[in-house]
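Taking it in order: structure first as structure tokens, then the write-up.
Coordinate-derived values only; no laboratory data. Only a predicted model underlies this, so the values are computations on that prediction, with no experimental measurement involved. Virtual Cβ from ideal backbone geometry, glycine too; neighbours counted across all protein chains shown.
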């Protein structure tokens, strides 16, 4: 699953850590607090990663991640 997400979001210039954050949000539905605990980083650092992802993708909330992921998944199936 992480590779599918990496392929979907790779063209947007996300870092490996940002892809990891997106994966945990999409697959596990983790909150910022849960992400901080799992990744052993501060919640502020998580918020920075999420803000960077939103800026790179030109989106405003987590729900807008899923359509991008699904388009990447569909593109992978048709390749």
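Rounded to the nearest 0.05, the FRET efficiency derived from the C-beta distance between residue 71 and residue 27 at R0 = 25 Å is 0.90. For the chain, relative contact order (Cα pairs under 8 Å, six or more residues apart, normalised by length) works out to 42 percent. For the chain, the 222 nm mean residue ellipticity estimated from helices alone, with every DSSP H stretch of n ≥ 4 adding -39500 (n - 2.57) and the total spread over all residues, rounds to -20000 deg cm²/dmol. Rounded, prolate or oblate, given the Cα gyration tensor of the chain, with a/c below 1.5 counting as rounded? Here the chain falls in the prolate category.
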